[in-house]
1. Compute the helix-to-body angle for 4-21: its Cα long axis versus the longest principal axis of the chain, expressed 0 to 90° and rounded to tens.
2. Cα-based Rg (one decimal) and Dmax (whole number) for the chain, in Å?
3. Pop out the carbon and sulfur fraction of the accessible area of the range 89-129 as a percent, whole number, probe 1.4 Å.
4. Extending each Cα 7 Å along its Cβ direction at Asp78 and Ala133, get the distance between those two points in nm, one decimal.
5. Can you work out ³J(HN,Hα) from phi for every residue in the range 68-75, in order, using Karplus 6.51 cos²θ - 1.76 cosθ + 1.60 and θ = phi - 60°, giving whole Hz and x for Gly and Pro?
6. Quick one: accessible area per residue over the range 128-198, 1.4 Å probe, rounded to a whole number of Å²?
7. What three numbers, in Å, describe the spread of the alpha carbons of the range 1-117 along their principal axes, ordered from the longest?
8. In the calculated pair distance distribution of the range 84-131, what percentage of Cα-Cα distances lie above 15 Å?
Amino acid sequence: MTSVATAARDNAEWCDAMCRAHGSPGTFTALAWTNPARTPPLYPDAVTLSPDATAADVLDHIDAGPGASVKDSFATLDLPGFEVLFEAQWIHREPPERREPAIAWEVVNDAATLGEWEQACFVGGVTGLFLPALLEEVTIVCGRIEGDIVCGSVLTARDQVVGVSNVYASGCDMGTAWEGTLAMAADLHPGRPLVGWEIDPADAVEHGFATIGPLRVWSKIL
């Protein structure tokens, strides 16, 4: 079984890729990934990589002022001045088998399609977060119905696993989104187990994932 530490490392790598795309890479140690600059919206300023990480290991290396957030990957921290924003579960799945999805799926390869993907993902509520530089580091996929993007996700391929994140449905059901995500993972990265995290893992569990441990996201008390 893939460990929480492996899933957390993948997630931290994804957060760092997002930050690098915005011109502000973070720093990795054995205990945590941290970023001294404020990270892009929806992304934490730190991700713990070991249950041995302490509050000082993260708070001393980030801007811990208003807007700061920390992903406590092992749900072990006590962060003074912060409150738990939400709790979630790490998820793991054995390598999926290649199956033909119900709708047409593709890899996002250009800035225009990426903008369309982002519009469908956030229904216009977030713009300019997913920058074209990301396409050089991760695999962003989408499903279409009659030409329109109706679902999508992000795949982050590592040596041992493939991270699955940002699974969304906007014009179809979540089952279709997960089905297509698994099909693309099997096609593009055959034989690799999948990891990720979900606040509500029910849809992922329905598609073969198992929960492997809790996490918390802390937010600075304003």
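1. 80 degrees
2. That works out to 17.0, 52 Å for Rg and Dmax.
3. Reported share for carbon and sulfur atoms: 47 percent.
4. About 3.9 nm, to one decimal.
5. Each residue's phi maps through the Karplus curve to give 6, 8, 9, 8, 8, 5, 10, 6 Hz.
6. Dividing the accessible area of the range 128-198 by its residue count gives 37 Å².
7. That works out to 49, 36, 24 Å along the principal axes.
8. Values: 756 of 1128 pairs.
Of all Cα-Cα distances in the range 84-131, 67 percent exceed 15 Å.
The values are calculated or read from the model by the stated rules, or taken from the named source; none is laboratory data. Quick caveat: nothing in here was measured; it's all calculated off a predicted structure. Quick reminder, even Gly has a Cβ in these numbers, built from the backbone with ideal geometry, and neighbours come from all protein chains shown. Keep in mind that these areas ignore ligands, DNA and RNA; they rest on the heavy atoms of the full protein, side chains included. Shrake-Rupley method; radii C 1.70, N 1.55, O 1.52, S 1.80 Å.
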